[in-house]
Structures are given as C-alpha cells and as structure tokens.
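Working notes, beginning with the structure itself.
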Amino acid sequence: MEHPVRQAYFDEPTVSDAQRITAESMLHYLPGKPQVVPPRLQMQDVVVHLFSHHTIAEPILVPAVIEPLLVLVLSGTASVEERSLGDEWETAIVQAGDFFLTNTQEPYEMRWQTQGCDTFQVMHLYLGLPLIDQAAREVLGQHAASVTFLDISGAQDDRVNFMLDQLRVELIEERQPSPLFARSLAQALAVHLVRTYLDPRSKARRSNALQAYKLRRVIEAMNQRLADDFSLAHLAEHADLSEYHFSRMFKRATGLSPSQYFIRLRMSRARELLLETDRSIIDIGLEVGYSSPSHFSQVFRREVGVTPSAYRQA
C-alpha cells in the first residue's frame, strides 16, 4: 500500500519546545467550534475532538503537538493544502474515509476549500506517548527506543478508518460508553501505527537516545515524586549518567527536556484527579507539587489550555 507522505523535518528541532503544545491546547489554534468528548468520558492518553469545517482561504499556522495526531474525514469533500514553513503548497483532495497522520516537530501551514458542500466533518485523535511506547515495546521488543511516525496526508487505510469510527461511535453515540472498550481500540490503533507507519529514519535519529529500559526507570521515578521539587540529579542517578548527558539523551528519546516531561506528567495526573474525584483544586495542586493555587492554575492553563476549574466544569 502506498501512502501520500508529507515532508517533515527530521533533524534537531529549530523551534522552541514552547511551540510544541499538548493535545487539549490544539482547540485554541484551529478554526471552528469543536464537539469535545465529555470530560467524564475522557481517558488518559486518548483525546478526541470532532470538527465541522467551512472553507478557510487564509492559511492557519498549526503548532507542532507533543502527541501523534490522527485526523479522519467523516463526511464531505475538500481540497486541503499544506506546507512546511517556507516551502511550496502540497494539495490533497480528501473525502470521507481519508486520514492524516501528523508527527512532525515543526509547525506548518494549512488551508482548505470544501467541494460540493458547505462543510466537511473531521475527527481528531491524539494518542499519548506512553500508549505509543507501550505499542512499540509490544511490536519491536522490550528494549525498543521511542518511535516516530511518517507524516501522511489524505491516505486510505481500512483499519484506521474502522478503529477511528468505532471510537467515535463508542465515545459520542453510546448511551453508556465504556472507557475499557475505547482504550482497547486506542491500543489496537497504536499497534497498527507502529507496524505500518513507523518512520524508518527514527532509529538513526534515536541512536544517541536514552535506552528504553532506562527511560522507563526514569519516568517511574518521576511518577513516584510528582509532589516533590524537580531534581535533575536524582533522575540522572537513576539513569547512571551525568546530568549533562542524561538531559541530552532524554530529550532525544522523548522530544522534551526532563523538566518539561515532568510537568507533562504532573498535568496528566492533575487532569485525572479533576475528572475522577471531588477533591478541591487546592488539594490536587498540592498532590502534583504546587503549594500555590495561582501557580498551579497558571501552569495548568499554559499546558492544557484552560484553568483547572474550567477543565472540571467543561
């Protein structure tokens, strides 16, 4: 099966990590009002949004997202143009069943024009890095390094189509959605992506990355001390490396510095507590290391896109 592949940047990132946002924050960068999966149905490592798009004549800048992004066209037809910054436009005519896979570390530009209809509907699915890493270990072995995917535009894949549509039905249309069933679909989809769309150059790019077993050891240490101050020395010790070499190898493995990854873990835990418990926001902030409620709210909004109270009430 041949797939249209978008040009991506494969060397060291030239933009700051602040330009790589979380999945939840993407809502603030795309036009149109999305239908968001109700918070009580959201799962860790799985974020789903539905959009109805009108024609966009002026290009929009799409930030790079930490998590791999899958977009499935649900209905309608459109001419979609994309380009890396400063490059030529590349065009794909898409219709229901076509999908996009984005895993670039660089922002890019998009615009689109509907054809024969006023709108076309799409579904966005973001798969968390822990879910991708789990799939990589399943497919490639327990010592597999972190992986990256090819960037795909307007391709057809029956398995991707089926699993994404089943996720949509389960999370949006079922009267009593099952998080277990939905997560199983997401896991199966992650395995399929690793099997089918793995970037063959990712191994070379990760050759100097932190080994998978050391990465898991470090992340486990992070999760055990979310309430404590970040300590680079403590984590480097778990990896049996100097702080300097640990920082470089960790970033090569994850795309983030150790401190940034630590913040992502804190916010992931905070989101889980906000949705699944009635504990106060102050208590939740304390559990993930923020003694100041205002500081917790500030960091949460920066990383997630909304305040903790707004996230809980959405």
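The values are calculated or read from the model by the stated rules, or taken from the named source; none is laboratory data. Because the structure is predicted, anything quoted here is derived from the model rather than measured. Note: ideal-geometry Cβ built from the backbone for every residue, glycine included; neighbour counts use all protein chains shown.
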| query | hydrophobic (A, V, I, L, M, F, W, C), modelled with pLDDT under 75 and exposed (fewer than 15 other Cβ atoms within 10 Å of the Cβ): does that describe VAL37? | reply | no
| task | Considering every residue within the range 271-283, establish whether at least one is closer than 25 Å to ALA64 by Cα and outside the structural domain of GLU106 (by TED's automatic domain parsing). | result | yes
| Of the residues that sit in the range 92-124 and are crowded, with 16+ Cβ neighbours inside 10 Å and of a type in the set (Ser, Thr, Tyr), which one is farthest from PRO34 (Cα to Cα)? | THR104
| request: Could you grab me the full set of residues in the range 269-305 that are among the acidic types (Asp, Glu), more than 16 Å from ARG225 (Cα to Cα) and touching a residue at least 60 places away in the same chain (Cβ under 8 Å)? | output: GLU272, GLU303
| request: From (1) surrounded by 14 or more Cβ atoms within 10 Å (Cβ to Cβ); (2) without any contact (Cβ under 8 Å) to a residue 40 or more places away in the chain; (3) in contact with a Lys or Arg (Cβ under 9 Å, 6 or more places away or on another chain); (4) not charged (D, E, K, R), pick out the condition that doesn't hold for MET163. | output: (3)
| said: Just the residues that are part of a strand (DSSP E or B) and either assigned by TED's automatic domain parsing to the domain that holds VAL304 or surrounded by fewer than 16 Cβ atoms within 10 Å (Cβ to Cβ) (or both), please, taken from the range 53-76. | reply: ALA57, GLU58, PRO59, ILE60, LEU61, SER75
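So that you can scan it fast, the table gives a plain yes or no per residue for (1) modelled with pLDDT of 90 or more; (2) out of contact with any Phe, Trp or Tyr (no Cβ under 6 Å at 6 or more places or on another chain); (3) part of a strand (DSSP E or B); (4) on the phi > 0 side of the Ramachandran plot:
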| site | (1), (2), (3), (4) |
| --- | --- |
| SER79 | yes, yes, yes, no |
| ARG83 | no, no, yes, no |
| PHE100 | yes, yes, yes, no |
| GLN105 | no, yes, no, no |
| GLN113 | yes, yes, yes, no |
| VAL122 | yes, no, yes, no |
| GLN134 | no, yes, no, no |
| GLN142 | no, yes, no, no |
| SER153 | no, no, yes, no |
| Counting just the residues of the range 268-287 that are among the charged types (D, E, K, R) and in contact with a helix residue (DSSP H, G or I) (Cβ under 9 Å, 6 or more places away or on another chain), which one comes out modelled with the lowest pLDDT? | GLU276
| query | If a residue has to be buried (at least 18 other Cβ atoms within 10 Å of the Cβ), at pLDDT 90 or above and over 17 Å from the mean Cα position of the chain (by Cα) to count, how many in the range 248-267 make the cut? | reply | 1
| request: Quick one: which residue in ARG252, ARG266 is in contact with a Gly (Cβ under 7 Å, 6 or more places away or on another chain) and either more than 24 Å from TYR311 (Cα to Cα) or in contact (Cβ under 8 Å) with a residue 24 or more places away in the chain (or both)? | output: ARG266
| request: Would you check if there is a residue in the range 102-122 being more than 20 Å from SER52 (Cβ to Cβ) and of a type in the set (Phe, Trp, Tyr)? | output: yes
| said: With more than 22 Å from PRO68 (Cα to Cα), modelled with pLDDT of 90 or more and among the basic types (Lys, Arg) as the only criterion, which of ARG225, ARG217 stands out? | reply: ARG225
| request: Determine, yes or no, whether THR102 is assigned by TED's automatic domain parsing to the domain that holds VAL194, of a type in the set (Val, Ile, Thr) and within 23 Å of LEU198 (Cα to Cα). | output: yes
| request: Test ALA188 against the criterion of being in the same structural domain as PRO31 (by TED's automatic domain parsing) and more than 27 Å from LEU30 (Cα to Cα), and give yes or no. | output: yes
| field | Scope the range 215-249; condition farther than 30 Å from ILE282 by Cβ and of a type in the set (S, T, N, Q); matching residues | value | SER242, SER247
